[in-house]
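So the structure is just underneath, and the comments pick up after that.
The values are calculated or read from the model by the stated rules, or taken from the named source; none is laboratory data. Every value quoted in this text rests on a predicted model; they were computed, and no experiment measured them. Please note: Cβ atoms are built from the backbone with ideal geometry, for glycine as well, and neighbour counts cover all protein chains shown.
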DNA sequence: TCAATAACTCAATGAATATTGAGATATTGA
DNA sequence: TCAATATCTCAATATTCATTGAGTTATTGA
């Protein structure tokens, strides 16, 4: 991931609705969720607003879509997320392991499914 | 780190000048660098523009400042960066370790000081 | 083919952000 | 105290982003 991609990923995540969509889709797993279900989960979100944010996320490469009948199913692009994490680590750690150490320590708990998932 | 803080951290990093400042300051280490030196390193950056972005970063908690004589020295806030990494991991990994695994693997090389530091 | 459903596109508006330039404040050394 | 240096603040402008509402496209089932 280069600087340009990192910038667009950060911009994509720097918006409440989009950050929520990403979290929702990561939780949803590889099968993803149809646009309508995402809108329903968000509660507030007109069709065009949702479409705007979904295409913004897709353009940034953080989510992908496929059509299934009348629905368009969105899902998280896991490699893009892990690349972003790697960028932050590499970029912000190089020469300074003290930045990453706490994050990695936190990870050991965080990656155990559904444990201490109270950060929302 | 809660959603609100994560949003402002992402917004702070979603701007070319600010991302560069953060990278510069992480490399600079805990001693930091005076505003003037940061401006010089960026090449383009009027005094007021630099000040605007530095205070944006400071407001987001990613950098801190102290006065030293005529200069104001800025430095990276390492815990804020590691919290952001942890947020991304926890948030985007929970239940889906496959997101974090590649990032953690990348880390093992990245955190060795000055090795393969060619990503800039 | 028609009506209904799901989601997208587009143009207009409003809101937030970035840049510039002029001027203010703080600090130092003569 | 004065001039020089380093940086900040403020107002104006320019740019970018988000939201809305109207209208369009694609798909399905009757």
Q. For region B:44-55, which residues satisfy the criterion of being more than 9 Å from DNA strand D (Cβ to nearest atom) and surrounded by fewer than 19 Cβ atoms within 10 Å (Cβ to Cβ)?
A. B:44
Q: Could you grab me the full set of residues in region A:1-43 that are more than 12 Å from every other protein chain (Cβ to nearest Cβ), more than 12 Å from DNA strand D (Cβ to nearest atom) and in contact with a helix residue (DSSP H, G or I) (Cβ under 8 Å, 6 or more places away or on another chain)?
A: A:32, A:33, A:35, A:38, A:41
Q) When only residues in region A:56-82 that are under 24 Å from residue A:7 (Cα atoms) and within 11 Å of DNA strand D (Cβ to nearest atom) count, which is surrounded by the most Cβ atoms within 10 Å (Cβ to Cβ)? A) A:57
Q.
Residues to consider are B:41, B:9, B:35; find the one that is assigned by TED's automatic domain parsing to the domain that holds residue B:73, under 22 Å from residue B:88 (Cα atoms) and more than 10 Å from DNA strand C (Cβ to nearest atom).
A. B:9
